[in-house]
Structures are given as structure tokens and as C-alpha cells.
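Where a number appears in this text, it was derived from the coordinates with a stated rule and is not lab data. What you see is a predicted model, and the numbers here were worked out from it, not measured in a lab. As a convention, Cβ positions derive from the backbone with ideal geometry for all residues, glycine included, and neighbour counts pool all protein chains shown.
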Amino acid sequence: MVQKKKKQLPSIEEFMPYLAYDFVILDFNGKQLQIIILEYHNTGFFALPGGFVKHDEHVVSAIKKAERERAGLDTIYLEQFHTFGSASRSALGCHEDHFRG
């Protein structure tokens, strides 16, 4: 049996507080528009690909890294359509209902 090497998770101090990103990947196969969503650690909960930005990292670099590592994509066209931001947007528990599929 091959053992997987455990990945060391970064500490919370490495990331910019209150800064996270999610991105929408659209694909048109000629007949219908499709969107990529990812299952969160085999839990049955689904979400858009996303993550957090490290202090020494540019936001676009963080997103491109997530495209490769989480969505398995390397060369896609990237365009920012909108930014959402508000101090009240991240109240504790506000996202819990969004992850129930």
C-alpha cells in the first residue's frame, strides 16, 4: 500500500486577514453553458474554487495557483467581472447554509 505524504497546512498568520477569493469558471461546449464547482474534501458539500491570499502573494497569482491546484486548469483566460466587499459580509456563520447542496 502506498502511503500519501501528509501536506503541512499553512498557518493562519501567513494569510491576509479578511481577504479571500472565489472564482467562476464557465465553459461552453457548443450546446450549453457549464460551470465548475468542486466538492469539499469528500463531504457532499460543493463550492466555487477559491482560497486565501498570503501576505507575500499577489491576488492574481493566488487565483492562478488555485486554478492549477484545485481545478486542474493551467492556461485559461482570466477576467475579473466584479469585486464584493463589505465589513458585514463575513459575519460568523453566514456561509453555513450556502454549502448545503
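Yes/no matrix, rows are residues, columns are (1) within 16 Å of the chain's Cα centre (by Cα); (2) outside any loop (DSSP other than H, G, I, E, B):
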residue: Met16; (1), (2): yes, yes
residue: Ala20; (1), (2): yes, yes
residue: Gly30; (1), (2): no, no
residue: Asn42; (1), (2): yes, no
residue: Val53; (1), (2): yes, yes
residue: Ala66; (1), (2): yes, yes
residue: Glu79; (1), (2): yes, no
residue: Gly85; (1), (2): no, no
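So that you can scan it fast, the table gives a plain yes or no per residue for (1) under 15 Å from Val24 (Cβ atoms); (2) touching a helix residue (DSSP H, G or I) at 6+ places or on another chain (Cβ under 8 Å):
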{"site": "Ile36", "(1), (2)": "yes, no"}
{"site": "His41", "(1), (2)": "no, no"}
{"site": "Lys54", "(1), (2)": "no, yes"}
{"site": "Glu67", "(1), (2)": "yes, no"}
{"site": "Asp74", "(1), (2)": "no, yes"}
